[in-house]
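The values are calculated or read from the model by the stated rules, or taken from the named source; none is laboratory data. Bear in mind that the values here come from a model prediction, so they are computed numbers and not experimental data. All Cβ positions, glycine included, derive from the backbone under ideal geometry; neighbour counts span all protein chains shown. These accessible areas exclude ligands, DNA and RNA; they are computed on the full protein's heavy atoms, side chains included. Shrake-Rupley method; radii C 1.70, N 1.55, O 1.52, S 1.80 Å.
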Amino acid sequence: MRAYRVAGMPSQGLPGVGSFDLWSRRVRDLVHWVTGYDLADAFKQNKAEDPHRQDDATLLAALDGIFGTAPFRSSDVFAVYTEVANAKRTALQQAVPDPKKTTLHAALDAVLGSRGGVSAKLFGYWARKVKGAHIGGFQLNVRHDPATNANAITVRRT
């Protein structure tokens, strides 16, 4: 650390990491100067390996598969979930659910099932939590629609 300071704390020219400018200048540049390793690479790897984030990405991809870029509501998502759940319960299973709907059902179970079950309300909470984040090549946006007094949700590819 002393050698780095004596050298004038030379900037390593690394791109910024969020709002951690001071940390980046003092710690990240130091580690890169000494070892050649960029600590931000570990951040990216941790995000990629986070099972919750992977489940969120799977759910966003499933939503995109069903709704595309069209706006939808939490109740629309729950209706698909219920449709698949009912089809699984029926003994005859005359109407096999669309594979995209089955994928959405499984993704909802993975993301929301551990929180006490899947519901439109829990989906809405999840949507507000991940809105605006770039996850798995998708971004979820939530906007309040005053005409229906409901949230209009959209998924877009990033």
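Numbers at a glance
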read-out	value
Unit charges on C-beta of K, R, D, E only; dipole of the chain, Debye	360 debye
Straight-distance crosslink candidates among lysines, where the alpha carbon sits under 21 Å from Lys129 and sequence neighbours closer than 8 are dropped	Lys44, Lys47, Lys121
Within straight-line cross-link reach of Lys100, lysines at Cα separation under 20 Å, skipping those fewer than 8 residues along the same chain	Lys88
Among 33-40, 3-10, 59-66, the order from most to least packed when residues are scored by Cβ within 10 Å on average	59-66, 33-40, 3-10
Heavy-atom accessible area order for Ser119, Ser24, Ser11, Ser75, largest first, 1.4 Å probe	Ser11, Ser75, Ser119, Ser24
Value of Rg/Rh across the chain [Cα atoms, Kirkwood radius]	1.18
